[in-house]
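Trainee: Have a look at the structure that comes next, please.
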Amino acid sequence: MRRRSADVRRKVEQIALGLMAASGVVVLLADLFGWLDALAPGGALPKVTLLILSTVTVFLLLELDRLKRLDEVHDDVKALDTSVLTKIDDLNANVEAHLSKLDVDAIAQRLKRQHYGGVVAVHGRFPEDVFTGFLGNAADELVILQTWIPNLHHLKAAMHKALTDQQVHVRILLLHPSSPVAGLRDEALRAVRDPALAVNVRASVEYCLAGLAQLNAEIPAGSRARLQVRLYNSLPSIAVFKADQHFLVSSFLHGQLAIDSTQIEIDGADTVMGEEVQQELRTLWSIGKDVDLLDWRTSVASISL
């Protein structure tokens, strides 16, 4: 029905246009032959013009409905465009909301820890700046497993601050100076080095104990309970420096100190590597004997091997 009405309207428009064109030609010819003056002397041309304008007006009136529909189509398109933009904005907001719930850095860190077992870096030797940075941010504990700590003098200031200001618990595991393992470590260090560079393990452990006793004397009495030192009589498998969840792990190689060996940096006590190191620390701590730093010589002498 609508299509038929449109066809009728189109035919009417074509007829009207045809009549307008024909009227123009007839008026032109009538004017040339003087018929207009004979038919309507003095007033024919204005009347014809008025007739043509009336025809045009009628034609435009016929087109108003179509123009109105064009306006409606424009409004519909504009409304559709607004609706689409609104939906796109809502979709973007939903995507951003879901992405905001994802901690991308945490996910990447977790995948990295799973893939590398917690290993995040490898250092050519002990990175004192890196570890003092870890210790400066520590809030829980500092654990050191060594035969002795050759670089204790570099760490004492950071350890003092951790004990007093940060209230960090410090646990240190050292080799008993009279342990047979001390002699074995002496031989391992002398094996491929000039004898002039030989290190006396027993003397080095005692020097380290003296340094720790000095640190203990320098900190307030209320902080001394957080500083614990134990001696073990066993063959250590690794050297460990731990500050909260950060580890630096090395091996006791022949001919060089552990701090001069390659250091494996591990992030996370719950990682594969972190758990293995933690287990080694627990084992040696359980077999270690406490040292009273107020009189470390007497305390060490009283420990039976």
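Trainee: Among the candidates Asp270, Asp292, Asp260, which residue alone is modelled with pLDDT of 95 or more and among the acidic types (Asp, Glu)?
Mentor: Working: Asp270 fails: modelled with pLDDT of 95 or more; Asp260 fails: modelled with pLDDT of 95 or more.
Exactly one of Asp270, Asp292, Asp260 is modelled with pLDDT of 95 or more and among the acidic types (Asp, Glu), namely Asp292.
Trainee: In addition: What's the total number of residues in the stretch 139-170 that are in contact with a strand residue (DSSP E or B) (Cβ under 6 Å, 6 or more places away or on another chain) and surrounded by fewer than 20 Cβ atoms within 10 Å (Cβ to Cβ)?
Mentor: Qualifying residue count for the region: 2.
Every residue, every condition in (1) free of Cβ contacts under 8 Å to residues at least 40 places away in the same chain; (2) over 18 Å from Val122 (Cβ atoms); (3) not assigned by TED's automatic domain parsing to the domain that holds Gln167, yes or no:
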site	(1), (2), (3)
Pro220	no, yes, no
Leu227	no, yes, no
Val240	no, no, no
Ser261	no, no, no
Thr271	no, no, no
Glu276	yes, no, no
Gln279	yes, yes, no
Asp290	no, yes, no
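Trainee: In the stretch 269-303, what residues are assigned to a loop (DSSP other than H, G, I, E, B) and buried (at least 20 other Cβ atoms within 10 Å of the Cβ)?
Mentor: We begin by selecting, within the stretch 269-303, every residue assigned to a loop (DSSP other than H, G, I, E, B); these are 269-271, 288, 291-292, 302-303.
Within the stretch 269-303, Thr271, Gly288, Val291 meet the criteria.
Trainee: Related question: If we scan the stretch 229-244, do we find a residue that is farther than 15 Å from Leu145 by Cα, surrounded by 14 or more Cβ atoms within 10 Å (Cβ to Cβ) and polar (S, T, N, Q)? Working first, answer last.
Mentor: If we filter the stretch 229-244 for residues that are farther than 15 Å from Leu145 by Cα, which is where we start, we get none.
Within the stretch 229-244 (the criterion being farther than 15 Å from Leu145 by Cα, surrounded by 14 or more Cβ atoms within 10 Å (Cβ to Cβ) and polar (S, T, N, Q)), the answer is no, since none of the residues qualifies.
The values are calculated or read from the model by the stated rules, or taken from the named source; none is laboratory data. Values in this document were obtained by computation on a predicted structure and should not be read as measured data. Here the Cβ is made from the backbone with ideal geometry for all residues, glycine too, and neighbour counts use every protein chain on show.
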